[in-house]
Amino acid sequence: MADNNTQDSTDERTATDGGVAGHHGQSHRNTDYLNAEVNLLNPSTPFMRDHLRIIWTGFVTWAILVFGPVLLTAAMPDLMTTTMPVIEFPLHYFLVAVCGPSGALILSAWYARKRDQLDAKYGIDHTTTTESGGGGSEDAAATDGGERSQSDRDPRQDAERSDGGVSE
Amino acid sequence: MTGTATVLQSELLPQGMDVSFKLAPAILVLGMLGTFLLIGFVFRVADTEDMWVAGRSIGNIENGMAIGANWMSAASYLGMAALIALSGFYGLAFVVGWTTGYFILLIFMAAQMRRFGKYTAPDFVGDRFNSDSARAIAAITTFLIAFVYAIGQARGMALVGLYIFGDLGFAGFSGYQAMVIFMMTITVGYLTLSGMLGATKNMAVQYVILISAFLAGMYVVGWTQGYSTVLPQIEYGMLLSELGNEFTEPFANSSPYLWIATCFSLVVGTCGLPHVLVRFYTVENERTARWSTVTGLFFICLLYLGAPAYTAFGTRLYDLNSATGTTYGDPGMSGSTADVLVVIAAQFANLPQWFVGLVAAGGIAAAIATTAGLFITGSSAVSHDIYTNLINEDATQRQQILVGRLGIIALGVLTTLAALDPAAPIAALVSYAFSLAGAVLFPMFFLGLWWENTNREGALAGMLTGLTIWVIPMINEVVPTYTTSTGDPFVPVLAQWVPAIGSALVAVPIVFAVTIGVSAMTDEPPIETKRVVRQCHSPEPMGQQQAAEDVVTDGGETPADD
């Protein structure tokens, strides 16, 4: 029965040049996403690689935020229960009760913004299917050809933009 | 950790609470319920598309509020304070688990689920794994989650109802039990009259009511007692040293392992809960799905950052009240008292009766809003996934709606019966549902979306494994509370390492391993399925009414740009 259990994706995928060959919007248009394997540990498209980099960064930060204070308290109870100046919280209580939820909120907003920037970078436009729903982000999607938010982009990504960032 | 809480379980009358009929609070609650019904009537619906996902017309802020109302049940509004008061630092595992879980949901699942475009969790599992058996297991799980979760809500509604309506005590039922029946009748009656469109509109209203009531209670109690001024969320720190040491002492009531197991379970449970996921289908596009998660979390944090502050105020007032003992004394605060601490705090602070009634009404709003969402998803599992897909494929819309409504009534009756003598406090009851969602559904969603080679055999093996690992500690810990006098678990070692309240910490890695292992040893899923998964990760925007499957079958072969 099992004639196809190698778990290798049988169909070849296109545009697997690592996303460095040219503009991201270009590589996005050249990518056939329906023929690109989905595997969390082995991203196959430039977009997914970039996306997963954001996801893993967020995930590690999240894990430290959620479990770090508790593990530290178990390991060093005396230090972690020190009373904080002014607000008088025991340190462990503050880190968990106040920093935990607010940290997750900040991380979520960070991720949603990063994702909007990623859409802009790849020239993905949600405006045709949405009203300007908002959420306070500066989306405007990619109507500017991915030019906006230049200052937010990290230098390494700019270095990859061999075409000078003009896409349309 | 639930040891203290099970004391006085049989009586279920909160210590020191004024149990009597009060006119102004009663008018407040009934007026509020009347408003819900009116809104439900105005937005009433007759066809199934509207009934289940509100025609996918909900925007970011409104959906965020619906996420908030749907999320913040009696467990958040009432049960959270109970845990923080009685279990101290361990209670914070719930504060953290029930908020930070949304981030994991956001980064790994929200947008992909939206793209997959299925109405319910069983639909997702059935279509992703091409299996009616998988769909049936997911539907049964969904129904079980709605049921277990709702028991906690019924307990909360009834305890708060006692303050407002007093001891109804009809036909041999105790005051608490009569109130369970009364409140559940109202909830089911309301739900059968409105579908989800009405419910979503209601949820925005319900969110506003419950958050206003909670924050008003917290601010006014803090202000009038001189505990806090403008920022009680931080100012309660100065009160902590005056409370019993048990309030802040780390691991006084639980081991670090139990803390982490509970928190982990709540996080993965958040990601696996069908009534949370269904919120992503009601928005226009995946960008709105992402941002509504952020706004939803913001609305949730408004309550969660305040809960420990409110609890600190309530605990202090309880200690000072001459009619009761101290919180950690002997006798200490009972579980049912802790479950209504939010209301009792306002009463002990000698605030006007109508104001205490407002805080109580907020608790009832929280419970009804969540029960509404749960019953809708639970009944849609019955009508959509079991009845229409497995029993009667030619079901007309009328038949589907009829079966859906019967499902709601069945859930209502089951929940009422179970809530008459609940085995645990609100938050613990709700946590059992989270362990179940985390152990069975979360691995299927996660692997189904992130590893295209996850197949039918893997999913079936994984889900059955998850169900088994959830059921064993439930039997070990919950059954003894009904059958033995002490209520101690059958196997203490098992309860220590696989606690019912946090069984997902053990279950999730095992279910992942089983699912991946079995998938790797059997045939890959068909290419059509893989393409649907790929479409869920494609950054290409999709139309509002489009699902990944449509794109793949319609025009997937030749992307428009080529």
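Just a few scattered comments:
- When B:SER431 is tested against the conditions (1) buried (at least 24 other Cβ atoms within 10 Å of the Cβ); (2) free of Cβ contacts under 8 Å to residues at least 24 places away in the same chain, the lone failure is (2).
- Any chance B:VAL533 is within 14 Å of another protein chain (Cβ to nearest Cβ), at negative phi and open to solvent by less than 40 Å² (accessible area, probe 1.4 Å): yes
- For B:THR486, the test of being more than 14 Å from chain A (Cβ to nearest Cβ) and without any contact (Cβ under 8 Å) to a residue 12 or more places away in the chain is passed.
- The residue of the stretch A:76-108 that is most open to solvent (accessible area, probe 1.4 Å), among those that are farther than 19 Å from B:PRO308 by Cβ and within 7 Å of chain B (Cβ to nearest Cβ), is A:PRO77.
- Any hit, the stretch B:126-135, residues being small (Gly, Ala, Ser), within 14 Å of another protein chain (Cβ to nearest Cβ) and more than 20 Å from the chain's Cα centre (by Cα): no
- Across the stretch B:216-235, the number of residues qualifying as out of contact with any Phe, Trp or Tyr (no Cβ under 8 Å at 6 or more places or on another chain), closer than 14 Å to B:GLY306 by Cβ and assigned to a loop (DSSP other than H, G, I, E, B) comes to 2.
- Check on A:LEU34, modelled with pLDDT under 90, open to solvent by 30 Å² or more (accessible area, probe 1.4 Å) and facing another protein chain (nearest Cβ under 9 Å): no
- Checking B:THR415, B:THR311 one by one, the residue that is under 24 Å from the mean Cα position of the chain (by Cα), farther than 17 Å from B:ALA82 by Cα and buried (at least 24 other Cβ atoms within 10 Å of the Cβ) is B:THR415 and no other.
Each row is one residue, and each column tells you yes or no for (1) open to solvent by 10 Å² or more (accessible area, probe 1.4 Å); (2) over 24 Å from B:VAL278 (Cβ atoms); (3) away from chain A (no Cβ under 14 Å).
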{"residue": "B:ALA439", "(1), (2), (3)": "no, no, yes"}
{"residue": "B:TRP451", "(1), (2), (3)": "yes, no, no"}
{"residue": "B:ASN455", "(1), (2), (3)": "no, yes, no"}
{"residue": "B:LEU467", "(1), (2), (3)": "yes, no, yes"}
{"residue": "B:MET474", "(1), (2), (3)": "yes, yes, yes"}
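- Helices (runs of 4 or more DSSP H) wholly inside the stretch A:29-116 containing at least 3 residues that are in contact with a helix residue (DSSP H, G or I) (Cβ under 9 Å, 6 or more places away or on another chain) and touching a residue at least 40 places away in the same chain (Cβ under 8 Å): A:46-75
- B:LEU303, sole failed condition from (1) surrounded by 22 or more Cβ atoms within 10 Å (Cβ to Cβ); (2) in a loop (DSSP other than H, G, I, E, B): (2)
- Top-ranked residue in the stretch B:283-293 [being modelled with pLDDT of 80 or more and either touching a Gly at 6+ places or on another chain (Cβ under 6 Å) or more than 22 Å from B:VAL208 (Cα to Cα) (or both); ranked as farthest from the other protein chains (Cβ to nearest Cβ)]: B:SER292
- Residue among B:VAL511, B:VAL552, B:VAL478 that is surrounded by 14 or more Cβ atoms within 10 Å (Cβ to Cβ) and modelled with pLDDT of 95 or more: B:VAL511
- The set of residues from the stretch B:236-249 being in a helix (DSSP H, G or I), surrounded by fewer than 22 Cβ atoms within 10 Å (Cβ to Cβ) and either more than 8 Å from chain A (Cβ to nearest Cβ) or of a type in the set (Ser, Thr, Tyr) (or both) comprises B:LEU239, B:SER241, B:GLU242, B:ASN245, B:GLU246.
- Among (1) within 9 Å of chain B (Cβ to nearest Cβ); (2) at pLDDT 90 or above - the single one A:ASN39 does not satisfy: (2)
- Selection from the stretch B:517-530 of residues that are facing another protein chain (nearest Cβ under 7 Å) and polar (S, T, N, Q): B:THR522
- Residue within the stretch B:265-279 that is in contact with a Ser or Thr (Cβ under 7 Å, 6 or more places away or on another chain), within 11 Å of chain A (Cβ to nearest Cβ) and open to solvent by less than 10 Å² (accessible area, probe 1.4 Å) present: yes
- Single unsatisfied condition, B:ALA252 versus (1) in a helix (DSSP H, G or I); (2) at pLDDT below 85: (1)
- In the stretch A:42-75, the residues that are aliphatic (A, V, I, L, M) and either within 9 Å of chain B (Cβ to nearest Cβ) or open to solvent by 40 Å² or more (accessible area, probe 1.4 Å) (or both): A:MET48, A:ILE54, A:ILE55, A:VAL60, A:ILE64, A:LEU65, A:VAL66, A:VAL70, A:LEU71, A:LEU72, A:ALA74, A:ALA75
- Among residues of the stretch B:468-480 that are in contact (Cβ under 8 Å) with a residue 40 or more places away in the chain, those with a beta-carbon under 9 Å from a residue that is open to solvent by 30 Å² or more (accessible area, probe 1.4 Å) and hydrophobic (A, V, I, L, M, F, W, C) at least six positions away or on a different chain give the pairs B:ILE469/B:VAL506; B:ILE469/B:ILE510.
The values are calculated or read from the model by the stated rules, or taken from the named source; none is laboratory data. Because the structure is a prediction, the values reported are computed rather than measured. Neighbour counts run over all protein chains shown; Cβ positions are idealised from the backbone, glycine included. What goes into the accessible areas is simple: the full protein's heavy atoms, side chains included, and nothing from ligands, DNA or RNA. Shrake-Rupley method; radii C 1.70, N 1.55, O 1.52, S 1.80 Å.
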